[in-house]
Amino acid sequence: MSDSRQSRLMMIGLDACDRDLIDTWCASGDLENIAKLRAEGVWLPLQTTADVVHVSAWPSIFTGTPADQHGLYHAYVMQPGHQTPVRPRPDNCPVPFLWKLLDDHGKRCIVMDAFLTCPLKNFSGIQIVDWGSWTAFWDQTILPESVKSEMLARFGAYASENHSKVGMTPPPDPVGFRDRLLKSVETKARAIQWLAETQQWDFFLAVFGECHAAGHYFWHYQDPAYVAYARDADARLRTALRDVYVALDRAIGQMVRFADDRTTVLVLSGDGMGPNYSGSHLLEELLQRMRLLNDTPREATAGAAPASAKRKTNLLSTIRGLVPREFRAAVSRHLLPRSVNERLSLHWKTAGIDWARTRAFVIENANEGYLRLNLRDREPSGVVQPGAEYAEICDRLAATAATMTHPATGRLAASHVYKTDDIFKGPCRSAMPDVIINWDPEALVTTDLQTQNYGVIHRDQAAYEVGPFYTGNHRPTAFLGGIGPRLSRAAGAGDASILSIAPTALAHLGVEPGEHMAAPIIDGLT
């Protein structure tokens with residue numbers, strides 16, 4: 001290690017780690033190290049961009065900007081020139097990640113498994129991209145090569161499945177999945193310790209994704225109030241989610257030991273996890289009832305797909321449906337490269353849409369409801385006229401979504417419904433959905449939505465019974481904890497946001513925040 005006495009900052013990300021679960025398990029004594037950090041250091045609830053678009057949280061933490069500034073809001077996003085959603089390209093992010101700004105100012109950085117990012121060019125630090133991420137948005141990259149060879153020799157391949165490779169299935173052996181997640185936490189903690197002790201650094205960022213995976217797939221084992229509670233589960237699964245949190249707690253204990261008289265350790269998450277009561281799987285049927293999907297009157301049919309092409313698409317869809325899902329998933333998991341798997345997945349998501357007869361469609365999302373208009377001059381096959389027609393359809397969609405209820409209780413299904421133009425104005429706005437629905441988990445939506453004008457929207461399966469089969473889903477319970485010589489116990493008095501983390505980290509290391517960062521520095525953390 002360097003003998004320099006300059007301040008150092010270690011940031012430990014806990015992907016989709018839930019603040020409420022931490023409260024519960026700290027109180028029960030299961031999370032000793034986090035409880036100690038909370039008692040002796042700083043602990044703050046944070047406002048988060050995940051309360052509207054949950055996948056935006058980490059890119060917003062890393063850039064200090066909201067989704068309409070960085071454009072990385074979901075696993076499937078819109079891009080100019082594409083009729084259908086594509087995987088996001090973090091290399092096209094128009095604002096810099098905070099470690100690029102630090103590197104430009106001569107700070108030595110180690111960045112490990114930062115969610116939804118990519119290796120940077122002209123970067124002098126250590127970059128470990130998607131070695132042990134919850135889901136990969138880039139090919140695994142470890143730079144420089146000298147670090148890659150030694151790291152892989154010491155720690156090998158990541159033990160857990162990558163979600164982007166697994167396919168849209170639940171873990172086939174949940175006990176084994178639990179064990180692999182626990183091993184992954186332990187291995188990553190050892191890798192972090194090795195890097196921290198052998199490499200020079202001023203800034204070290206590492207993200208653990210294991211609580212994200214565990215939250216999605218283990219929720220139904222530990223929540224007796226949940227509609228899908230697994231009453232006959234293997235006893236080892238009853239505590240599987242807590243076991244992953246306990247393993248992370250041990251890892252944090254290792255990291256906190258670096259908090260010497262010049263090192264600050266921050267522990268953070270941009271969103272959390274709760275039971276899955278999303279109604280997004282019902283939205284295609286709603287659009288069909290509203291005559292917006294595959295039902296637009298044919299006043300102008302130029303460019304419409306010929307009947308033979310539609311028959312071919314329907315035939316392919318039928319043939320695909322005859323192949324067991326488990327077999328398709330096994331082929332994807334073991335035989336297909338990630339890029340091929342992604343292209344096939346994206347193709348099938350919209351294969352049944354006749355764009356000449358579609359004015360609105362769903363951007364697939366297991367959490368929020370994302371509705372996008374097929375807008376002329378924006379979508380290549382757009383049919384909706386900008387201006388009055390666009391506004392009328394957005395208004396109708398938003399009004400319908402805002403009044404949908406759970407038929408059994410009459411409770412509103414959505415906590416918030418946004419017309420995107422009302423809340424996002426930035427340069428990446430055009431890549432986003434046009435209407436966003438945030439579901440209220442207290443509404444307990446499963447298979448039915450009551451609408452005022454279109455009857456009851458029904459599907460035989462609840463959200464957790466369709467791909468990607470999440471029994472747990474995201475909720476906006478973000479937090480920041482920290483310990484170090486320059487932190488104040490009174491830090492963050494008032495409302496703090498995840499958008500303040502990047503400028504605060506820069507200021508902590510003596511670097512001026514970027515002009516694109518509008519959120520204030522968190523008092524007491526610099």
For the range 32-60, pairs from a residue that is without any contact (Cβ under 8 Å) to a residue 24 or more places away in the chain and of a type in the set (S, T, N, Q) to a residue that is crowded, with 23+ Cβ neighbours inside 10 Å and in a helix (DSSP H, G or I), with Cβ under 9 Å and 6 or more apart or across chains, are SER56/THR49; SER56/ALA50; SER56/ALA67; SER56/HIS70
What's the total number of residues in the range 192-233 that are open to solvent by less than 10 Å² (accessible area, probe 1.4 Å) and over 24 Å from the mean Cα position of the chain (by Cα)?
4
I'm checking my understanding of the structure. Among residues of the range 165-181 that are in a helix (DSSP H, G or I) and surrounded by 20 or more Cβ atoms within 10 Å (Cβ to Cβ), which one is modelled with the lowest pLDDT?
VAL166
TYR370, sole failed condition from (1) assigned to a strand (DSSP E or B); (2) closer than 30 Å to PRO172 by Cβ; (3) open to solvent by 10 Å² or more (accessible area, probe 1.4 Å); (4) of a type outside the set (Val, Ile, Thr)
(3)
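Taking ALA235 as the residue in question, decide whether it is aliphatic (A, V, I, L, M) and free of Cβ contacts under 8 Å to residues at least 40 places away in the same chain.
When the stated conditions are applied, ALA235 passes them.
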Does VAL185 satisfy the criteria of being crowded, with 24+ Cβ neighbours inside 10 Å, in contact (Cβ under 8 Å) with a residue 24 or more places away in the chain and either touching an Asp or Glu at 6+ places or on another chain (Cβ under 6 Å) or farther than 26 Å from THR504 by Cβ (or both)?
yes
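Given ALA519, ALA507, ALA462, which one is under 30 Å from GLY279 (Cβ atoms) and either touching a Ser or Thr at 6+ places or on another chain (Cβ under 6 Å) or hydroxyl-bearing (Ser, Thr, Tyr) (or both)? Quick ask: steps written out before the conclusion?
Values: ALA519 fails: under 30 Å from GLY279 (Cβ atoms); ALA507 fails: under 30 Å from GLY279 (Cβ atoms).
Answer to the check: ALA462.
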Checking the structure you have, find out if any residue of the range 471-491 is under 30 Å from MET290 (Cα atoms) and assigned to a loop (DSSP other than H, G, I, E, B).
yes
Restricting the search to the range 1-45, which residues are closer than 24 Å to GLY369 by Cα and open to solvent by less than 10 Å² (accessible area, probe 1.4 Å)?
ASP15, ALA16, CYS17, ASP18
I'd like the residue in the range 75-96 that is open to solvent by less than 10 Å² (accessible area, probe 1.4 Å) and touching a helix residue (DSSP H, G or I) at 6+ places or on another chain (Cβ under 6 Å) and, out of all such residues, is nearest to ASP354 (Cα to Cα).
MET78
Here are the criteria: (1) more than 20 Å from ARG87 (Cβ to Cβ); (2) open to solvent by 50 Å² or more (accessible area, probe 1.4 Å); (3) polar (S, T, N, Q). Tell me which single one THR48 does not satisfy.
(2)
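The values are calculated or read from the model by the stated rules, or taken from the named source; none is laboratory data. Computed from a predicted model, the values in this text were never measured in an experiment. Here the Cβ is made from the backbone with ideal geometry for all residues, glycine too, and neighbour counts use every protein chain on show. When the accessible area is computed, the model is the full protein with side chains, heavy atoms only, and any ligands, DNA or RNA have been set aside. Shrake-Rupley method; radii C 1.70, N 1.55, O 1.52, S 1.80 Å.
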